[in-house]
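A.B. asks: My questions all concern the structure below.
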Amino acid sequence: MPLTFRQVKEDEVDEYLSLMLAAYAAVKALGIHFDAATADRDKALRHLQSHGVYALYKDKVMVSSVTVRYPWGPLPGPFGLPHIGWFGADPDYAGQGFGQQILQHLEQDILIGQLRAPAVSLGTAARHPWLKEMYLKRGFMPMHTTDLGKGHITLYMKKVLNSALHETWLSRQSHQLQDVAK
């Protein structure tokens with residue numbers, strides 16, 4: 001049966017929360033604090049209401065999910081770009097590529113196809129044993145680190161989705177900084 005990619009509905013909050021807690025269990029065991037690892041039902045519902053949350057379904061079962069946080073939303077990323085938030089795949093389906101597939105759908109269908117975003121950012125724990133390498137393989141570039149007070153250093157990364165749009169965006173960012181400095 002084919003996979004289905006779509007936005008998660010509020011009435012799926014329990015299935016969504018179960019997926020995120022299962023996906024983040026290994027990270028939690030490493031002692032790395034990501035918000036999704038300790039979310040409760042209310043926090044998951046607020047997350048669904050505040051951001052673009054998408055899932056990949058296999059036979060109507062949610063097998064992976066990814067969040068895009070908007071620059072204009074309540075929890076923007078650091079660069080004024082769409083920002084990938086909670087992201088995980090069900091460990092019961094490990095090795096089937098559902099994490100990679102949902103990121104491809106997010107990039108192609110939402111970030112490029114709908115938002116026409118020049119780039120996307122994300123943050124991960126700098127000391128996480130495999131996430132930085134995974135994101136590097138997906139085309140993300142390390143940008144800077146910061147301490148957000150979560151018990152780990154956050155590494156911010158960015159992936160250019162459209163070079164021409166990115167150059168225009170960078171130029172505008174530079175002009176805005178110059179205007180602020182005046």
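A.B. asks: With point charges of +1 on the Cβ of Lys and Arg and -1 on the Cβ of Asp and Glu, referenced to the Cα centre of the chain, which listed residue (64, 39, 162) lies farthest in the positive direction of the dipole?
C.D. replies: It is 162, whose Cα lies furthest towards the positive end.
A.B. asks: I'd like the carbon and sulfur percentage of the solvent accessible area for the chain, probe radius 1.4 Å, heavy atoms only, ligands and nucleic acids excluded. Don't jump to the answer; show the numbers that get you there.
C.D. replies: Numbers: 5000 of 9660 Å².
About 52 percent, which is the carbon plus sulfur part of the accessible surface.
A.B. asks: Would you grab the residues whose amide H sits under 5 Å from the one on residue 86? Only those 5+ places off in sequence or on another chain, please, with H modelled 1.01 Å from N.
C.D. replies: Here the answer is 67, since their amide H atoms fall under 5 Å of that of residue 86.
A.B. asks: Would you mind working out the magnitude of the charge dipole of segment 22-121 relative to its Cα centre, with +1 at each Lys and Arg C-beta and -1 at each Asp and Glu C-beta, to the nearest 20 Debye?
C.D. replies: For segment 22-121, the charge dipole is close to 180 debye.
A.B. asks: Related question: Would you mind checking the pairs 43/132; 9/43; 28/150 and listing those with alpha carbons more than 23 angstrom apart?
C.D. replies: In this structure, 43/132 exceed 23 Å between Cα atoms.
A.B. asks: A further question follows. Between residue 30 and residue 9, what is the label-to-label distance in nm when each label sits 7 Å out along the Cα-to-Cβ direction?
C.D. replies: It is 3.5 nm.
A.B. asks: While we're looking at this one, here's another question. For every other residue with a beta carbon closer than 11 angstrom to the beta carbon of residue 4, add +1 if it is Lys or Arg and -1 if Asp or Glu, then tell me the sum.
C.D. replies: +2
A.B. asks: Sorted from largest down, give the three principal axis spans of the alpha carbons of segment 11-169, whole angstrom values.
C.D. replies: Here the spans come out as 41, 35, 31 Å, largest first.
A.B. asks: Another question, then. Rounded to the nearest 20 Debye, what is the dipole magnitude of the chain about its Cα centre when Lys and Arg each give +1 and Asp and Glu each give -1 at the C-beta?
C.D. replies: 520
A.B. asks: Still on this structure: Would you mind calculating the relative contact order of the chain from Cα pairs under 8 angstrom and at least 6 residues apart, reporting the percent as a whole number?
C.D. replies: Details: 291 pairs, mean separation 31.9, N = 182.
The normalised contact order for the chain reaches 18 percent.
A.B. asks: Please compute, over every Cα-Cα pair in segment 1-69, the percentage with a separation greater than 18 angstrom.
C.D. replies: The calculated P(r) of segment 1-69 puts 35 percent of pairs beyond 18 Å.
The values are calculated or read from the model by the stated rules, or taken from the named source; none is laboratory data. Note that this is a predicted model, so its numbers are computed, not measured. Every residue, glycine as well, gets a Cβ built from its backbone with ideal geometry; the counts of neighbours run over all protein chains shown. In case anyone asks, the SASA skips ligands and DNA or RNA and just uses the protein heavy atoms, side chains included. Shrake-Rupley method; radii C 1.70, N 1.55, O 1.52, S 1.80 Å.
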